Amino acid sequence: MFKRILFATDFSPHAEIAKRFAMRMAQADYKQLWVMTVLDVLEEPLHITDEPPLVSAKIWERELEKEEQELEREEERMLRRDVAEMESSNIRVHKIVREGDPAEEVVTVARDIGADLIVIGSHSHRTIWDVELGSTATKITKYAPCPVLIVSHRPPHPGLIHKRILYAADFSSHAEQGFKIALTLAKETQGKIWLVSVLEHGKEIPMPPGFEVEVSNNEVSELKNELRADVEAEVREKLSKLAEKAKDAGVQTEILIRHGHVSKEIRKAAVDIEADLIVMGTHSRFTIWDKLLGKTAQNVAQHTSCPVLLVSNGKPNDN
């Protein structure tokens, strides 16, 4: 499915695991893999810092330049090592080194090369990816022109072939595109898809602020149960339609409906079915995913051992 894959690395343990997935997905004659790294800007020039200099600005800047050159040489060496490993596996590979804001550079390169998939590690041993999959990965996923595969170093590591796919459905346009990708991946690997949707407690009954009704607690409880049952029936019907589409495509599915905290239930479902891939949309038309790929997707990506494929509404390139 994915033909032009961009692997962004900082050479951390998470990136090393992500490299294995990028290589596995790029092993075909018609596929290409770009491997890139973004060099950190070490420090501000001495003359614009607030602290009084203990050495002359000229000496300080010369030391910074020396350190930057050493870092660049080291990262070039590691990048050449990765490229050699990929070439030895008969992968068509290209290397790219950029300097600047990691998220901006990754998104720019993805656009420039027409990538249809970006692969990154979920954490880092230094600042190229922010702590707890912070603003960098969030920005990449938000602005990327294609799906983003986030790979964790957390054991146990799943297999490199995705045969047990958990698709998190919220029925938004982003999730719809995610289902198409999950379906294609399952067909390629002869895998199975588990269709999961999570109903958050209290989300079934939207009430305006300050809304009050003069009914007994028992009546309120009954009303909540009725509305919850109606919502669950509607969700099950929608999931059944997806299951029918998968059946027509020759892909086996199973429906899961969970109640509770969204990210926790998705993670628990992944453990329950021993998923080797989670596919989910990045945004929603309602609150199942937080604003701007907030805590839900971050929590899922951070705390699961299997890779998480985050899909925006943009379609993969057909190059």
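The values are calculated or read from the model by the stated rules, or taken from the named source; none is laboratory data. As the structure is a computational prediction, the values presented were derived from the model and not from experiment. Positions of Cβ are generated from backbone atoms using ideal geometry, with glycine treated the same way; all protein chains shown enter the neighbour counts.
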Result of the Cβ filter at 8 Å on the range 227-254, keeping first residues that are over 15 Å from residue 168 (Cα atoms) and free of Cβ contacts under 8 Å to residues at least 24 places away in the same chain and partners that are among the basic types (Lys, Arg) and surrounded by 12 or more Cβ atoms within 10 Å (Cβ to Cβ), at least 6 apart or interchain, is none
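Quick one: which residue in 237, 254, 265 is closer than 12 Å to residue 197 by Cα, touching a His at 6+ places or on another chain (Cβ under 8 Å) and not in a loop (DSSP other than H, G, I, E, B)? Break it down into steps so the answer makes sense when it comes.
Numbers: 237 fails: touching a His at 6+ places or on another chain (Cβ under 8 Å); 254 fails: touching a His at 6+ places or on another chain (Cβ under 8 Å).
One residue alone meets the criteria, 265.
Is it the case that the range 114-127 has a residue that's closer than 23 Å to residue 34 by Cα, buried (at least 18 other Cβ atoms within 10 Å of the Cβ) and at pLDDT below 75? Walk me through how you get there before you give the answer.
Kept after step one, since they are closer than 23 Å to residue 34 by Cα, are these residues of the range 114-127: 114-127.
Then drop every residue that is not buried (at least 18 other Cβ atoms within 10 Å of the Cβ), which leaves 115-124.
Remaining after also requiring at pLDDT below 75: 123-124.
There is at least one residue in the range 114-127 that is closer than 23 Å to residue 34 by Cα, buried (at least 18 other Cβ atoms within 10 Å of the Cβ) and at pLDDT below 75.
Within the range 161-188, which residues are hydrophobic (A, V, I, L, M, F, W, C) and under 10 Å from residue 278 (Cβ atoms)? Outline the logic, then answer.
At the first step, the residues of the range 161-188 found to be hydrophobic (A, V, I, L, M, F, W, C) are 161, 165-166, 168-169, 171, 175, 179, 181-183, 185-186.
Scanning the range 161-188 gives 165, 166, 168, 182.
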Examine the range 93-113 for a residue that is surrounded by 17 or more Cβ atoms within 10 Å (Cβ to Cβ), in a helix (DSSP H, G or I), in contact with a Pro (Cβ under 9 Å, 6 or more places away or on another chain) and at pLDDT 85 or above, and state whether such a residue exists. yes
